[in-house]
Amino acid sequence: MKLSAITSITNNVIAARFWMGLAALSMAFAVAAPFLTISAMKQQEKVVILDPGGTLIYAPLLGFEEAGSLHAYHVRLACLALLQRNPVGPDLPDLLKRIYLEEPARKKAAAIYKAQNPEFKEKQIHQKVEVTKIDILDTRKIKDGSGQSYEAVSVRAEGNLVRTGTVKNLEFREPAKFQIEFLFIRNPDLLGNGRLPLVVQDFTYSEKPL
């Protein structure tokens, strides 16, 4: 079957338009590609945190100095692990182990429990904690004995303790205020410490009755 001259011209025009359109799209992509690449590079990385309740938290990975919400989250966990307790010890020993390093933080925690345990056992005291104020004091780099450098943040927390127990078969309720200053560092062992990005290296603690 022979094509007419008109059909041939029409087909050539359509083909020309097609190739011109394709060339225009290619040129537009070539111009836009660098901008898209730069935009992708500027997007913040993300971090995934698994909290003790099994909830995944998906958030931007900020600079150490900018991550105020992340610091506050870890402060609340650290207070809960240390101060929420029963007559024989902490309610959350696994969390305590994951968020407090052995030296010197967990040894300090053990000393606090040792001093309190006689009264807590005698009066069957259960203690709950409420954090009311968190202040980020400073961020800096510190070195350990081997010369390893860590990013660190000092945070002060204040709050209330509520103790309930029994004396001579009579229930009592005893409130107190506490203040604690934490030194957090980036977790040197994410898998071993329950995937928490920050851990307590050291702390100072004080409390007073209301």
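The values are calculated or read from the model by the stated rules, or taken from the named source; none is laboratory data. None of these values were measured; they are calculated from a predicted model. We place every Cβ from the backbone using ideal geometry, glycine too, and count neighbours over all the protein chains shown.
The residues of segment 139-179 that are more than 19 Å from Leu70 (Cβ to Cβ), among the charged types (D, E, K, R) and surrounded by 13 or more Cβ atoms within 10 Å (Cβ to Cβ), listed by number, are Glu158, Arg163, Glu174, Lys177.
Scanning segment 86-134 for residues that are in a strand (DSSP E or B) and touching a Pro at 6+ places or on another chain (Cβ under 9 Å) yields a count of 1. Quickly run through segment 105-164 and pick out the residues that are touching a residue at least 60 places away in the same chain (Cβ under 8 Å) and β-branched (Val, Ile, Thr). Across segment 105-164, the qualifying residues are Ile112, Ile134, Ile136, Thr139, Val153, Val155.
Of everything listed in (1) surrounded by fewer than 16 Cβ atoms within 10 Å (Cβ to Cβ); (2) free of Cβ contacts under 8 Å to residues at least 40 places away in the same chain, the single unmet condition for Pro90 is (1). For segment 105-119, the criterion of a residue being exposed (fewer than 13 other Cβ atoms within 10 Å of the Cβ) and of a type in the set (S, T, N, Q) is satisfied by no position.
Consider segment 181-199 and keep the residues that are farther than 16 Å from Ser69 by Cα and in contact with a helix residue (DSSP H, G or I) (Cβ under 6 Å, 6 or more places away or on another chain). The one that is surrounded by the most Cβ atoms within 10 Å (Cβ to Cβ) is Gly194. Exactly one residue out of Ile125, Ile185, Ile112, Ile180 is touching a strand residue (DSSP E or B) at 6+ places or on another chain (Cβ under 8 Å) and modelled with pLDDT under 95, and it is Ile185.
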